[in-house]
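I'd like to ask you about the structure that follows.
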Amino acid sequence: MSPEILRKTQVAAKLAGYKEVIAITSILVGSLMLALCAQIAFPLPFSPVPITLQSFGIALLAMVLGPRYATLAVLTYLVEATAGLPVLAGGIPKPFWMISPTAGYLVGFALSAYLTGKLLEKYPQLSFAKTWALFSINELTILTCGTIGLSFIIGLENALWIGAAPFIPGALLKITVAAAAKRPVDWIKSLLK
C-alpha cells in the first residue's frame, strides 16, 4: 500500500470516528433537551398528566436530528428515566414510568419522533399550512398514544376528557410555533453543512 493511500485511509478513519462522536453527542443532547422540556410542566388538578413542552421538543428533535437520531434521543431519554434519573416532568424519578398514567405519552414520543422525522425527510419543502398539518400529526400521535395508555387505567371516556381534551389548546400553539420554526431551523442546518 502506498503512503498516499495509507494517509487517505487514516484520514477517512478519523473522520468516521468524528461522525460517530457527533452522532452520539447529538443523541445525548437531544435527550437532555427533552428532559429540559419536561421540567417546564404545568400540573392540572384534575389530571395525572401535566402540560409540558415535550411534544414541542419532539418536533424540534425531528426537525434537527431526523427520524433515526430523534428516535434514539427519545429512547435514550426513556432509558434515563428507567435508570431513575430525574428527567420526567417535575424532575421526579420514576423508574417504573411504563406502568404510570403517562406511559402512553412517553411511548408515543418515540413513535412520533420517528414518524414526524420521516415525514419531514420525505417532504422537506412545504408551505406553512402543510408544515402545520405535518406537525399536527406529531401532536395527534402523542395524544392518541397517551389517551390509549391512560384509558387502561381510567377508561376511554375519562381518558378523552382528562388526557386529551385539556391538551388541545396547547397542542395548537406548539404546532404553530414548530411550523413557524421550520424554515429558520432549515436555514441554520444549511449553514452548518
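The values are calculated or read from the model by the stated rules, or taken from the named source; none is laboratory data. All of these numbers come straight from a predicted model, not from anything done at the bench. Methodologically, a virtual Cβ is constructed for each residue, glycine included, from the backbone with ideal geometry; neighbour enumeration extends over all protein chains shown.
Within region 123-142, which residues are in a helix (DSSP H, G or I), without any contact (Cβ under 8 Å) to a residue 60 or more places away in the chain and in contact with a Ser or Thr (Cβ under 9 Å, 6 or more places away or on another chain)?
Taking region 123-142 as the starting set, the residues that turn out to be in a helix (DSSP H, G or I) are 128-142.
Adding the requirement that they be without any contact (Cβ under 8 Å) to a residue 60 or more places away in the chain leaves 128-134, 136-137, 140-141.
Answer for region 123-142, where residues must be in a helix (DSSP H, G or I), without any contact (Cβ under 8 Å) to a residue 60 or more places away in the chain and in contact with a Ser or Thr (Cβ under 9 Å, 6 or more places away or on another chain): W132, L134, I137, L140, T141.
Being farther than 19 Å from L61 by Cα, crowded, with 19+ Cβ neighbours inside 10 Å and of a type outside the set (D, E, K, R) narrows it down to one of T116, T147, T141, so name that one. Talk me through it step by step, then tell me what you get.
Details: T116 fails: farther than 19 Å from L61 by Cα; T141 fails: farther than 19 Å from L61 by Cα.
One residue alone meets the criteria, T147.
Is it the case that region 158-175 has a residue that's within 30 Å of I22 (Cα to Cα) and at pLDDT 95 or above?
Yes, the conditions are met somewhere in region 158-175.
I want to confirm something. Restricting to region 9-57 and keeping residues that are of a type in the set (S, T, Y) and modelled with pLDDT under 95, which single residue is nearest to P67 (Cα to Cα)? Let's see the steps before the verdict.
The initial filter retains those residues of region 9-57 that are of a type in the set (S, T, Y), namely 9, 18, 25-26, 31, 47, 52, 55.
Filter once more, keeping what is modelled with pLDDT under 95: 9, 18, 25-26, 47.
Values: T9: 30, Y18: 21, T25: 16, S26: 13, S47: 31 Å.
Once the filter is applied, the top-ranked residue is S26.
Another one. Please determine whether any residue of region 32-47 is within 16 Å of L150 (Cβ to Cβ), crowded, with 19+ Cβ neighbours inside 10 Å and touching a residue at least 60 places away in the same chain (Cβ under 8 Å).
Scanning region 32-47, I find at least one residue that is within 16 Å of L150 (Cβ to Cβ), crowded, with 19+ Cβ neighbours inside 10 Å and touching a residue at least 60 places away in the same chain (Cβ under 8 Å), so the answer is yes.
Please state which one of A62, A70, A171, A113 is part of a helix (DSSP H, G or I), in contact with an Asp or Glu (Cβ under 6 Å, 6 or more places away or on another chain) and not hydroxyl-bearing (S, T, Y).
Checking each option against the conditions leaves just A171.
Exactly one condition in (1) farther than 22 Å from A178 by Cα; (2) buried (at least 19 other Cβ atoms within 10 Å of the Cβ) is false for I58; which is it?
If we test I58 against (1) farther than 22 Å from A178 by Cα; (2) buried (at least 19 other Cβ atoms within 10 Å of the Cβ), just (1) comes out false.
Do we find that G104 is on the phi > 0 side of the Ramachandran plot and either crowded, with 19+ Cβ neighbours inside 10 Å or modelled with pLDDT under 95 (or both) in this structure?
Criteria not met by G104.
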